[in-house]
Amino acid sequence: MANCVITIARGFGSGGRTIGKLLAQKLDINYYNDDLIKLASEESGINIELFGKADERVKTNLFKRYKRSYGEWTIPPDSDMFVSDDNLFNYQAKIIKTLADTSSCVIIGRCADYILRDRKDVARILVYADKPTCLKHVTELYGMLPAEAEKKIETLDKARANYYKYYTGNEWSDVKNYDLCLNTSGLSFEKAVDIICDYLKQMELI
């Protein structure tokens with residue numbers, strides 16, 4: 001198989017993370033989600049807890065423009081901005097680019113679709129679902145009550161949208177950002193993986 005990188009943006013409760021893991025297993029390629037935080041921490045020497053607190057969240061004023069580095073440069077340790085959210089993002093972007101250069105893989109979230117937007121070997125996928133489906137998945141997976149699950153979905157999706165907007169300038173849910181948008185409402189995770197694989201074959205990525 002030629003080098004193929006699949007990025008998956010996902011609504012909370014849509015099953016995107018599980019689908020990404022199953023897809024990586026089926027294609028026998030690497031899967032990166034929370035691992036990115038650990039790798040970025042090791043690369044930078046910055047405490048992993050700081051990466052965790054900034055993971056797909058942005059505390060910065062959304063009207064402020066991000067200095068668009070995307071891993072091309074990082075702030076040195078002697079700077080007061082070394083542990084800023086922007087520098088944490090840049091280290092993570094650097095890791096994402098390195099992983100994409102190294103081998104085929106599935107990368108979950110973290111603006112990977114935008115960071116790798118100029119590559120020809122990338123399939124950018126959005127996984128989403130209707131509210132009942134997301135609520136069902138979240139209540140079953142995390143044991144939450146429906147009201148609690150609904151609040152969690154709204155909070156995380158808003159945080160991810162703000163994060164994406166700040167670091168890319170684009171709307172997270174805009175279909176123009178992606179090559180394939182997959183609605184998992186009433187669709188099994190296994191069938192979703194089959195659909196993605198069919199798409200990758202049609203695009204001659206696998």
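Please find, within segment 115-135, the residue that is nearest to Ile206 (Cα to Cα) out of those that are surrounded by fewer than 19 Cβ atoms within 10 Å (Cβ to Cβ) and in contact (Cβ under 8 Å) with a residue 24 or more places away in the chain. Write out each step before concluding.
Within segment 115-135, the subset surrounded by fewer than 19 Cβ atoms within 10 Å (Cβ to Cβ) is 117-121, 130-132.
Imposing the further condition that a residue be in contact (Cβ under 8 Å) with a residue 24 or more places away in the chain reduces the set to 119, 121, 130, 132.
Working: Arg119: 15, Asp121: 10, Asp130: 30, Pro132: 33 Å.
Restricting to residues being surrounded by fewer than 19 Cβ atoms within 10 Å (Cβ to Cβ) and in contact (Cβ under 8 Å) with a residue 24 or more places away in the chain, the top hit is Asp121.
Just to verify a result, which residue in segment 174-186, among those that are over 28 Å from Asp118 (Cβ atoms) and at pLDDT 95 or above, is surrounded by the fewest Cβ atoms within 10 Å (Cβ to Cβ)?
The extreme case among them is Ser185.
Consider segment 18-52. How many of its residues are part of a helix (DSSP H, G or I), in contact with a strand residue (DSSP E or B) (Cβ under 7 Å, 6 or more places away or on another chain) and buried (at least 18 other Cβ atoms within 10 Å of the Cβ)?
Selection size over segment 18-52: 4.
What number of residues in segment 1-40 are within 17 Å of the chain's Cα centre (by Cα) and free of Cβ contacts under 8 Å to residues at least 24 places away in the same chain?
The qualifying residues number 3.
Go through segment 186-204 and report how many residues are in contact (Cβ under 8 Å) with a residue 12 or more places away in the chain and either within 20 Å of the chain's Cα centre (by Cα) or outside any loop (DSSP other than H, G, I, E, B) (or both).
9
From (1) over 16 Å from Gly109 (Cα atoms); (2) touching a Phe, Trp or Tyr at 6+ places or on another chain (Cβ under 7 Å); (3) hydrophobic (A, V, I, L, M, F, W, C), pick out the condition that doesn't hold for Leu126.
Status for Leu126: all satisfied but (1).
Filter segment 58-106 down to the residues that are at pLDDT 80 or above and among the basic types (Lys, Arg), then identify the one that is surrounded by the fewest Cβ atoms within 10 Å (Cβ to Cβ).
Lys97
Please enumerate the residues belonging to segment 1-17 that are surrounded by fewer than 23 Cβ atoms within 10 Å (Cβ to Cβ) and either β-branched (Val, Ile, Thr) or assigned to a helix (DSSP H, G or I) (or both). Don't jump to the end; show me each part of the working.
Within segment 1-17, the first condition is being surrounded by fewer than 23 Cβ atoms within 10 Å (Cβ to Cβ), and the residues that meet it are 1-4, 12, 17.
Answer for segment 1-17, where residues must be surrounded by fewer than 23 Cβ atoms within 10 Å (Cβ to Cβ) and either β-branched (Val, Ile, Thr) or assigned to a helix (DSSP H, G or I) (or both): just Arg17.
Give just the number: which of (1) buried (at least 18 other Cβ atoms within 10 Å of the Cβ); (2) over 22 Å from Gln92 (Cβ atoms) does Tyr166 not satisfy?
(2)
Name the residue, out of Glu154, Glu148, Glu171, Glu140, that is touching a helix residue (DSSP H, G or I) at 6+ places or on another chain (Cβ under 9 Å), surrounded by fewer than 19 Cβ atoms within 10 Å (Cβ to Cβ) and assigned to a helix (DSSP H, G or I).
Glu148
The values are calculated or read from the model by the stated rules, or taken from the named source; none is laboratory data. All values derive from a computational prediction rather than experimental measurement. Cβ atoms come from the backbone with ideal geometry, glycine included; neighbour counts cover every protein chain shown.
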